Amino acid sequence: MALLQDLIRDAAGETVSTTSLLRQARIAATRLRISEALKWIESELQGYPDDEVPAYRGPIPVHTLGNFVGPFGSGMNNAPIAISMLPDRFNPARLSSTHIRQSVSEIEEILRGDLRGGIGAPWTADMVAQFNYHHSRGDFTLYEGMGATRIWRSIAPSQLHAVLDSVRTRILDFALKLEAEDPEAGEKAGESLVTSEKGNEIFNTVVNGAGSNVALNSSNFTQNSYVNPPKTDDELIERLRQAGVNEELLTSLAEAVAEDRTDAGGTLSEPGPRVQGWLGRVMALGARSSEAIGTGVAGGVVTELVLSYFGLGG
């Protein structure tokens, strides 16, 4: 079967991955010297780190969620955050939507994973620290008496599937238009009724014509999970030490864990009141200066690592 017919069959089906379709399309575009198609294919295969992105990659509405801890062992996971309530310095309008910049293979890998924890783009540790600082000052009120340990923008898996579907549909339409001009196009380099100029015209009509390009800040979405969380008290302390946490804080955490475990009867499945207090102290220190925690370490990294030890890092 000819190259274009293979491409049409595979793009119309569901068996062949979108990454493989792009590679097949690259063969045809290279042989036909269709430069615009090659640029698009390369961006879809490698991602859009700095370039404009196609309209089907955003803007996409997102919801912002967070994990919070409070006094007396209280806490909430996956709690909604009303972005409109945040001070202007957080740029609420920008946080309410995003664009998908990952490569097609990265998107496919995310969708093949365990999605029970959702898909999220985490805030940086500095942003979480600023959130806590302004919240504690009363610049806005959300969950009184609580501090955020992790905040992320959540996107539905269906929205990532929609990106892949858009790419597949464009490949299918492109191949069909090329086939209409010359069923043998792309079989051999330099031998086709489809000229380079004609190929670029078809591409711009079928692919670029479906939506204009828009620029956007990057967002990297991943499965919500903490990779390889510590399994023992000693491993937790050592991981925090390697992250740069100072010895005074490490000692106080070890004591807090031991005392909470004793109070819980020997088994500690979640942060007790002393660990909660320790986390609150770290967040307060981080809001003022990361150097108060240790050398080059941010409070958000510390709290996420500690919570992952208790199975709460996602």
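Applying the criterion of being farther than 15 Å from Ile41 by Cβ and surrounded by 18 or more Cβ atoms within 10 Å (Cβ to Cβ) to the residues of the range 183-197, the residue that is modelled with the lowest pLDDT is Ser192. Residues in the range 43-59 that are open to solvent by 20 Å² or more (accessible area, probe 1.4 Å) and out of contact with any Lys or Arg (no Cβ under 8 Å at 6 or more places or on another chain): Ser43, Gln46, Asp50, Asp51, Glu52, Ala55, Tyr56, Pro59. Restricting attention to the range 138-172, the residues that are in contact (Cβ under 8 Å) with a residue 40 or more places away in the chain, more than 30 Å from Gly277 (Cβ to Cβ) and aliphatic (A, V, I, L, M) total 8. Among the residues of the range 240-261, the ones that are surrounded by fewer than 18 Cβ atoms within 10 Å (Cβ to Cβ), in a helix (DSSP H, G or I) and under 32 Å from the mean Cα position of the chain (by Cα) come to 4 in all.
Among residues of the range 265-293 that are charged (D, E, K, R), those with a beta-carbon under 7 Å from a residue that is at pLDDT 75 or above at least six positions away or on a different chain give the pairs Glu270/Phe310; Arg274/Ala256; Arg274/Glu259; Arg274/Asp260. Scanning the range 136-156 for residues being open to solvent by less than 20 Å² (accessible area, probe 1.4 Å) and not in a strand (DSSP E or B) gives a total of 1.
Pick from the range 66-81 the residues that are among the hydrophobic types (A, V, I, L, M, F, W, C) and open to solvent by less than 40 Å² (accessible area, probe 1.4 Å): which of them is farthest from Ala264 (Cα to Cα)? Among residues in the range 66-81 that are among the hydrophobic types (A, V, I, L, M, F, W, C) and open to solvent by less than 40 Å² (accessible area, probe 1.4 Å), the one farthest from Ala264 (Cα to Cα) is Ile81.
The values are calculated or read from the model by the stated rules, or taken from the named source; none is laboratory data. Keep in mind that what you see is a predicted model, and the values were worked out from it rather than measured. Heads up, the Cβs are rebuilt from the backbone with ideal geometry, glycines too, and the neighbour counts pull from every protein chain shown. Only protein heavy atoms, including side chains, enter the accessible area calculation; ligands, DNA and RNA are left aside. Shrake-Rupley method; radii C 1.70, N 1.55, O 1.52, S 1.80 Å.
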